[in-house]
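Report on the following structure.
The values are calculated or read from the model by the stated rules, or taken from the named source; none is laboratory data. No experiment lies behind these values; they were computed from the predicted model shown. Reconstructed Cβ throughout: ideal geometry from the backbone, glycine too, with neighbour counts over all protein chains shown.
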Amino acid sequence: MSSTPRGPAAPNAVTAAEEELRGLRFPLPTEPVRFFRPESGIGTAPFWQGASAGELRLARCSACGYFVHPAGPRCPHCGSADLTWEPVSGRGTLFAWTVSLQAFLPGLQPYCVALVQLDEQEDLRLTSQLVDGSVADLRVGLPVEVVFVDAADDLRLPFFRPVRP
Amino acid sequence: MSGLRSAAIRGIGQSAVGRRLGRSGLDLTVEAAGEAIADAGLTPSDIDGIATYPGGGFGAQRGFSGPGAVEVQDAMRLTVDWYTGSGEGPGQLNCLVNACMAVVTGLARNVLVYRTVTEATEQVGGRGAAATNPVVGGPLEWLMPFGSISAVHWLGVVANRYVTQYGLTREQLAQVALTARRNAGLNPKAVYRDPLTLEDYLAARMISTPLCLYDCDVPADGSTAFVVSHADAAADSPNLPVRVEAAGTALRGRPSWDQWASPTRTAMHDAGASLWERTDLTPADVDLAQLYDGFSILTVLWLEAMGFCGEGEAGEFLAGGRRIALDGELPLNTAGGQLSAGRLHGLGLVHEACLQLRGQAGERQVRKRHEVAAVGNGGGPIGGALLLTTGLG
């Protein structure tokens, strides 16, 4: 592993902290995922309803087309109050991540928290998880696609997996 | 120009600090407050204001929030003309900045400021709470349902982004923890004082990459207190008053853990920028720094946010640890920081800055000039900075 003091890490190289974890896999969950339950209230429920229906839906300004995440009452770009929930492609790239090894919950296996940059808009980012992949996949710019996994309380969570050619 | 320059910290106090002290937050607060008031050469009857972070009130969390201002007012039978407990503002420094504004505007003359935590005794945090699958709303609705349930996840993402962007090595990052531990060895109240080597650090288990055990601070019980007075009134205090040269309080980007335009430039950078806009001093004038180290990566980012080095250059700045050592050009977290001395949640760093400026830090006293100290508190969506001085008028 390079110890270059400055400059980007080499492409396709896992970070030094993850070198020993290279073989660690993040399987597609087979049991319902149980962390915290989203409030799914006024202003956020359409996101979770979309996920349960197998769609990644985000708030979008009807006037200027800007996607607003997290959703707000007005478009922060043009001020329009005309926001609608629209499905997005669910395609994006890995922007940043952390491999969680501490079992914060009983029986919790290692997993990968992922900050995903969605293709639709330059600043459209979603915190989620990378699944169906491994530490060896991790790099900035890794193409990913949404996959919906079952969670407790009849919810589904939009996670992401590497796009396989 | 900063109107806060006429405010001064004239008294400081700190309770017992430790891992499970088994004492109430109110008990610890009264201990620290009593010490600060005596240190200021005052009596409780002189105190006419209270400011704390984050205070009691509706969002109070046991162990984290500490007792509210009204509880302390009652316990100490204080008579105050102004008081506040507020969690929103320039990080944990909110309470000190509020106190400065109160004495400058004349709402109060001598404000008791405190921050109290009993997190070690209460063991608050994700472990117990998540097991009951509670509902989260607000900003956390976009993090916690996905498994981003701990601050180590929020900052692990930021840290990895920094690593991939700037090539920060584990050896460079380790210097924050190693320096803190070396300094903690000279602080009798520090929670962890045993020597820590680079080998220990590199062998420690990962919590969430790239942050290992020693990159995470330690929950503690303890209270830190100050008396903030108008600088004119502080002239006759028994200890050297510490002047508030400037405060960094700005918020210019999107305050969240994951939505900043650049995850490695957050609220702390806004705080740092606004700090330097309000003073004629420059980073080169700073003699020592106390930069928030709830996680080591925050200290890395604070070095850049405060302008001690350029963006992406903190790794080089930290390399080898020479610059940030007690006898280096910028002694850093001289009491051991939160990583080794315990998470007094920001205000412990201010207490140490005052001790150093007053020349009362004992074995760990910075030997070179110690007239200007920089403090940074917070990370992610919150950040605040203070420039504290003695001797420069």
Scanning the range A:18-63 for residues that are basic (K, R) and modelled with pLDDT under 95 gives A:R22, A:R34, A:R37
Can you tell me which residues in the range A:144-164 are over 19 Å from B:P134 (Cα atoms) and not hydrophobic (A, V, I, L, M, F, W, C)?
A:E145, A:P158, A:R161, A:P162, A:R164
Cβ-Cβ under 6 Å, sequence separation 6+ or interchain: first residue in the range B:313-330 and free of Cβ contacts under 8 Å to residues at least 12 places away in the same chain and within 21 Å of B:R369 (Cα to Cα), partner of a type in the set (G, A, S) and part of a loop (DSSP other than H, G, I, E, B). Which pairs?
B:R322/B:G328
Just to be sure, is B:W257 among the aromatic types (F, W, Y) and within 14 Å of another protein chain (Cβ to nearest Cβ)?
yes
Complete set of residues in the range B:1-17 that are within 17 Å of the chain's Cα centre (by Cα) and not in a loop (DSSP other than H, G, I, E, B):
B:I9, B:I12, B:G13, B:Q14
For residues in the range A:57-67 being more than 13 Å from chain B (Cβ to nearest Cβ) and crowded, with 17+ Cβ neighbours inside 10 Å, which is farthest from the chain's Cα centre (by Cα)?
A:C61
If you go through B:G248, B:G156, B:G167, the only one that is closer than 30 Å to B:R5 by Cα, in contact (Cβ under 8 Å) with a residue 24 or more places away in the chain and in the same structural domain as B:A353 (by TED's automatic domain parsing) is B:G248
Kindly indicate whether any position in the range B:344-360 is surrounded by 24 or more Cβ atoms within 10 Å (Cβ to Cβ), outside any loop (DSSP other than H, G, I, E, B) and among the charged types (D, E, K, R).
yes
Of (1) surrounded by fewer than 19 Cβ atoms within 10 Å (Cβ to Cβ); (2) more than 15 Å from B:A385 (Cβ to Cβ); (3) in contact with a Ser or Thr (Cβ under 9 Å, 6 or more places away or on another chain), B:E316 satisfies every one except (3)
Is the range A:114-126 home to any residue that is among the charged types (D, E, K, R), at the interface with chain B (Cβ under 7 Å from one of its Cβ atoms), assigned to a strand (DSSP E or B) and under 15 Å from the mean Cα position of the chain (by Cα)?
yes
Only one of B:L202, B:L186 is modelled with pLDDT of 95 or more and within 14 Å of chain A (Cβ to nearest Cβ). Can you tell me which?
B:L202
Is it the case that the range B:216-233 has a residue that's within 14 Å of another protein chain (Cβ to nearest Cβ), assigned to a strand (DSSP E or B) and in contact with a Phe, Trp or Tyr (Cβ under 9 Å, 6 or more places away or on another chain)?
yes
Select from the range B:295-316 the residues that are of a type in the set (G, A, S) and part of a helix (DSSP H, G or I) and write down the one among them that is nearest to the chain's Cα centre (by Cα).
B:S296
Scan A:V147, A:V163 and give me the residue that is surrounded by 14 or more Cβ atoms within 10 Å (Cβ to Cβ) and either among the hydrophobic types (A, V, I, L, M, F, W, C) or modelled with pLDDT under 95 (or both).
A:V147
For the range B:30-64, what are the residues that are part of a helix (DSSP H, G or I), in contact with a helix residue (DSSP H, G or I) (Cβ under 8 Å, 6 or more places away or on another chain) and more than 18 Å from B:C354 (Cβ to Cβ)?
B:V30, B:P44, B:D46
Regarding the range A:69-86, can at least one residue be identified that is outside the structural domain of A:R57 (by TED's automatic domain parsing), over 24 Å from A:S40 (Cα atoms) and over 13 Å from the mean Cα position of the chain (by Cα)?
no
Name the pairs: first residue in the range A:23-49 and more than 10 Å from chain B (Cβ to nearest Cβ) and under 13 Å from A:F159 (Cβ atoms), second residue hydroxyl-bearing (S, T, Y) and surrounded by 19 or more Cβ atoms within 10 Å (Cβ to Cβ), Cβ to Cβ under 6 Å, at least 6 apart or on different chains?
A:F26/A:Y111
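Every residue, every condition in (1) at the interface with chain B (Cβ under 10 Å from one of its Cβ atoms); (2) closer than 21 Å to B:W257 by Cα; (3) aliphatic (A, V, I, L, M); (4) touching a residue at least 24 places away in the same chain (Cβ under 8 Å), yes or no:
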position: A:H69; (1), (2), (3), (4): yes, yes, no, yes
position: A:E86; (1), (2), (3), (4): no, no, no, yes
position: A:T93; (1), (2), (3), (4): no, yes, no, yes
position: A:G133; (1), (2), (3), (4): no, no, no, yes
position: A:A152; (1), (2), (3), (4): yes, no, yes, yes
